[in-house]
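Here's the structure we're looking at; comments come further down.
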Amino acid sequence: MNRISRAAGALLGTAALAVSLAACGGDSLEQGKEKTSGGSGGGKGSLVVGAAAFTESKVLAELYAQLLRDAGYTVSVTTVKNRELYEPALEKGEIDVVPEYAATLAEFLNAKTNGPQAPEEKPVASGDVKATVAALRKLAEPRGLKVLEAGEAVDQNAFAVSKEFAEKNGLKSLSDLGAAKLKVKIAAGDECAVRPFCAPGLKKTYGIDVTGIDPKGVGTPQAKQAVKDGVDQLVLTTTTDATVDGFGLVFLADDKHLQNADNVLPVVNAKEAGAPGVTAALDKITEVLTTADLAELNRKVDAERAKPEDVAAAYLKEKGLVGK
């Protein structure tokens, strides 16, 4: 699931939440917070960590849960289908903690607060992570949500070319591609033709000569293969795509910050999980996790079929973040 699909969907009522949880195999929040799943209990209280229904969110939720257990909390992890379901539950305190993405959540709350057209007509997110987080906090705090610090890890749209194409033309960034005056066809979703972060943005921000869109999807194997084979020159994927190197591709730096700052950060219910101990536990992973780390954790789950909880446990042990 990529950033585009994370942001998509219509607002749904929380009445559907328990149904979604059952369908996703998570604990129903209506059963209360005292029901836990795995890990050791603690004396500081009980917390529910929510995960959206895609690999990266599940991995992040496990990282959060295991750090909180290590800090003395009793923690359960529950999977909720999407933001339209878990965000209202977070406001109500039915979920206490979720891993989030700064720009995507900022525009989600912008639409919820100011109307569905607000993200297009008066966007609050940008490529500046500090400004984006500040805007997010302004929208989140009146809803009883506490936005913790953003880290280096970021999952946002990214563009890649073949290593051969990059070396031949001296490309390291999207600015280099624009300056090279090369004609490029993009392997992406067909919406790339009209979305400001894709073809129009590449033309406007970088002066890239986009000749067409090959509608093979965002970051699909078929899209990356087309660039590897030279059928297309550029592929739209995400920064946490761990398979790019396997296709002989390299990312081009978004040096002018066309993409919004979708840095990973925890968001908590301020009343239920706003304690300094929660913040301190979650800050540990925020300060350490990199985009490359997150891509590798995703790869282990998706390619090696490892369990998110096992991948998270091994990472936290490797980094010395638990058991101290």
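The values are calculated or read from the model by the stated rules, or taken from the named source; none is laboratory data. Bear in mind the structure is a predicted one, so any value in this text is a computation, not a measurement. For neighbour counting, all protein chains shown are included, and Cβ atoms are generated from backbone atoms with ideal geometry for every residue, glycine included. Just the protein is used for accessible areas: all its heavy atoms, side chains included, with ligands, DNA and RNA removed. Shrake-Rupley method; radii C 1.70, N 1.55, O 1.52, S 1.80 Å.
One table, with the values for the structure above:
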item: Label zone at Asp302 (point 7 Å along Cα-to-Cβ), backbone N below 18 Å, the stretch 236-253; result: 236-252
item: Over the stretch 249-324, equivalent-ellipsoid semi-axes from the Cα gyration tensor in Å; result: 25, 21, 12
item: Helix-only CD estimate at 222 nm, as mean residue ellipticity for the chain, using -39500 (n - 2.57) per DSSP H run (n ≥ 4); result: -12000 deg cm²/dmol
item: Fraction of accessible area attributable to carbon and sulfur, the chain (%, probe 1.4 Å); result: 51 percent
item: Three-way shape label, the stretch 37-181, alpha-carbon gyration tensor, a/c 1.5; result: oblate
item: Sequence-separation-based contact order of the chain, relative, with Cα cut under 8 Å and 6+ spacing, percent; result: 22 percent
item: Karplus-derived 3J(HN,Hα), 6.51/-1.76/1.60, for each residue of the stretch 65-70, Hz, glycine and proline x; result: 4, 5, 5, 5, 4, 5
item: Where the chain is the region considered: accessible area per residue in Å², 1.4 Å probe; result: 44 Å²
item: Rounded D (µm²/s) - the chain, Kirkwood Rh over Cα pairs, Stokes-Einstein at 20 °C, 1.002 mPa s; result: 105 µm²/s
item: Cross-link reach list, lysines versus Lys284, counting only Cα pairs under 25 Å and skipping chain neighbours closer than eight places; result: Lys33, Lys44, Lys58, Lys130, Lys138, Lys146, Lys271, Lys300, Lys307, Lys317, Lys319, Lys324
item: Kirkwood-based Rg to Rh ratio, the stretch 191-272, C-alpha trace; result: 1.06
item: For Glu149, net neighbour charge (Lys/Arg +1, Asp/Glu -1) across residues whose Cβ lies under 10 Å away; result: -2
item: Accessible heavy-atom area order of Lys163, Lys181, highest first, probe of 1.4 Å; result: Lys181, Lys163
item: Rg ratio (alpha-carbon, reference 2.2 N^0.38 Å) - the stretch 180-324; result: 1.30
item: Ellipsoid semi-axes in whole angstrom, largest first, where each is sqrt(5λ) of the Cα gyration tensor of the stretch 116-242; result: 31, 16, 15
item: Protection proxy ranking, peptides 211-224, 144-157, 65-78, 48-61, average beta carbon neighbours within 10 Å, highest first; result: 48-61, 65-78, 144-157, 211-224
item: 14 Å Cα-Cα reach of Lys92 towards aspartates and glutamates, excluding residues that sit fewer than 8 places from it in its own chain; result: Glu30, Glu84, Glu141, Glu272
item: Percent RCO, i.e. relative contact order, over the stretch 115-211, from Cα pairs under 8 Å lying at least 6 residues apart; result: 18 percent
item: Under 5 Å, built H, 5+ apart or other chain: amide partners of Ala253; result: Ser173, Leu174
